[in-house]
Amino acid sequence: MERVIVVGAGVIGLTCAVRLLEAGHEVDILARDLPEETTSAVSAALWYPYRAAPEARVAAWGGAAFEAFARIAEENTSAGVRMRRGVELLGHDAVVPGWTGAVREFARLTDVPSPYVSGWRFTTPVADMSVYLPWLRARVDELGGTVTRMALGHLPRPEKGVVVNASGLGARRLADDSSVTPLRGQVVLVEQFGLEQWSLEDSVPTYVVPRERTVVVGGTAEEGEWSTQPEKDRARGLLDRAHDLLLRTGDPATADRLRRAEIVGHRVGLRPARPQVRLEEEHLDGVRVVHCYGHGGAGMTLSWGCADEVVTLVGG
């Protein structure tokens, strides 16, 4: 078995580390940001392949991850993962995406509220990242792995072993990959007001995703923006759009409860956008590097499937 250094402690890095440890490897994580400080911590973490390509590989990774999350939801009640039903509304007559074969209880809507044109409902995993990321880190600890805060100027060059590059946006520098760019996302966290189902519409997108103690209201998709400071005007716009969405997918009482819910936080994350997810092996200065980054807005969605492939590439 190999000694593996995983660079990055977001959901991709942690999940890769867990799978590698389960396969018998010795694993150490090095990361500038600890799990609760990463973009993953900002995510609404609804299983949904957003801004990730190529389509066929994303469908395969996502399907494997869906099944892993379904098992976690059933077997590990402390992990912060639940299967939740919800509705997506679209402003165009959409073809059913290939990834819908992975979800449960999928059905096209027959009565689509104006001004939308089509939509569907389905059941999918939702991870409360304030619970799920600590659970993943605890799994790393339980399996004998380590997590160390370290700001790296370049990828490690160990004499033996393998490096897994799960550095997300950091791959711009660490892998000299300028095709990785920030896709800024801002969310508002409000107190949980009894919401059980998620709602999503495709134009920005706008989403309302329930957690155990909070509800995540989003979002934005700002290409090339690096600022991690929340913007007050944008936050008000998020809440207004979410209120309108709930009026159409739920009922006026639910929308009114959102309007009256206490705001408990504002967060910004920089998604690592790339034309395609990079998951491949490369040899750099005699070191085996397995790259796993560029997941756009689908880090959680693809995590377990990508981690399985990373284990295959690392080998035994």
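Output the qualifying pairs, or none if there are none: Cβ atoms under 6 angstrom, residues six or more apart or on different chains, first residue in region 72-101 and in contact (Cβ under 8 Å) with a residue 40 or more places away in the chain, second residue acidic (D, E) and in a loop (DSSP other than H, G, I, E, B).
Final answer for the pair search is G80/D128; L90/D202.
Out of R104, R32, R71, report the one residue that is more than 18 Å from the chain's Cα centre (by Cα), surrounded by fewer than 14 Cβ atoms within 10 Å (Cβ to Cβ) and either of a type outside the set (A, V, I, L, M) or at negative phi (or both).
From the options R104, R32, R71, the qualifying one is R104.
Within region 1-29, work out how many residues are assigned to a strand (DSSP E or B) and either closer than 17 Å to A65 by Cβ or open to solvent by 20 Å² or more (accessible area, probe 1.4 Å) (or both).
The number of residues fulfilling the criteria is 3.
Looking only at region 107-132, count every residue that is open to solvent by less than 40 Å² (accessible area, probe 1.4 Å) and either in a helix (DSSP H, G or I) or of a type in the set (S, T, N, Q) (or both) and tell me the total.
5
Can you give me the number of residues within region 182-197 that are part of a strand (DSSP E or B), among the charged types (D, E, K, R) and either under 16 Å from T124 (Cα atoms) or in contact with a helix residue (DSSP H, G or I) (Cβ under 7 Å, 6 or more places away or on another chain) (or both)?
0
For L46, indicate whether it is open to solvent by less than 30 Å² (accessible area, probe 1.4 Å), more than 16 Å from the chain's Cα centre (by Cα) and farther than 14 Å from L136 by Cα.
no
Step by step: first the residues of region 74-87, then only those that are over 17 Å from the mean Cα position of the chain (by Cα) and assigned to a helix (DSSP H, G or I), then the one that is nearest to L133 (Cα to Cα). Which residue is that?
Ranking the candidates gives S78 first.
Is it the case that region 140-158 has a residue that's farther than 20 Å from A307 by Cβ, touching a residue at least 60 places away in the same chain (Cβ under 8 Å) and within 21 Å of the chain's Cα centre (by Cα)?
Scanning region 140-158 turns up no residue that is farther than 20 Å from A307 by Cβ, touching a residue at least 60 places away in the same chain (Cβ under 8 Å) and within 21 Å of the chain's Cα centre (by Cα).
Do we have R259 as modelled with pLDDT of 95 or more, buried (at least 19 other Cβ atoms within 10 Å of the Cβ) and of a type in the set (D, E, K, R) here?
no
Being at pLDDT below 95 and open to solvent by less than 50 Å² (accessible area, probe 1.4 Å) narrows it down to one of G219, G237, so name that one.
On the way: G237 fails: at pLDDT below 95.
Within the list G219, G237, the selection yields G219.
Which one is modelled with the lowest pLDDT, of the residues in region 269-301 that are hydrophobic (A, V, I, L, M, F, W, C) and part of a strand (DSSP E or B)?
L284
Consider L200 carefully, then state whether it is part of a strand (DSSP E or B) and either over 20 Å from G218 (Cβ atoms) or open to solvent by 20 Å² or more (accessible area, probe 1.4 Å) (or both).
So L200 does not fit the description; no.
Considering only residues that are more than 14 Å from G219 (Cβ to Cβ) and among the basic types (K, R), which ones fall in region 259-274?
R259, R260, R274
Could you pull out the residue among Y293, Y207 that is within 13 Å of V188 (Cα to Cα), buried (at least 19 other Cβ atoms within 10 Å of the Cβ), of a type in the set (S, T, Y) and touching a residue at least 12 places away in the same chain (Cβ under 8 Å)? Walk me through it before giving the result.
Working: Y293 fails: within 13 Å of V188 (Cα to Cα).
None of the others qualify; the one that does is Y207.
Applying the selection to region 133-171, what residues are basic (K, R) and either open to solvent by less than 40 Å² (accessible area, probe 1.4 Å) or touching a helix residue (DSSP H, G or I) at 6+ places or on another chain (Cβ under 7 Å) (or both)?
Answer for region 133-171, where residues must be basic (K, R) and either open to solvent by less than 40 Å² (accessible area, probe 1.4 Å) or touching a helix residue (DSSP H, G or I) at 6+ places or on another chain (Cβ under 7 Å) (or both): R137, R139.
The values are calculated or read from the model by the stated rules, or taken from the named source; none is laboratory data. Computed from a predicted model, the values in this text were never measured in an experiment. Using ideal geometry, Cβ is built from the backbone for each residue, glycine included, and neighbour counts are taken over all protein chains shown. Each accessible area value is taken on the protein alone, full model and side chains, heavy atoms only, with ligands, DNA and RNA left out. Shrake-Rupley method; radii C 1.70, N 1.55, O 1.52, S 1.80 Å.
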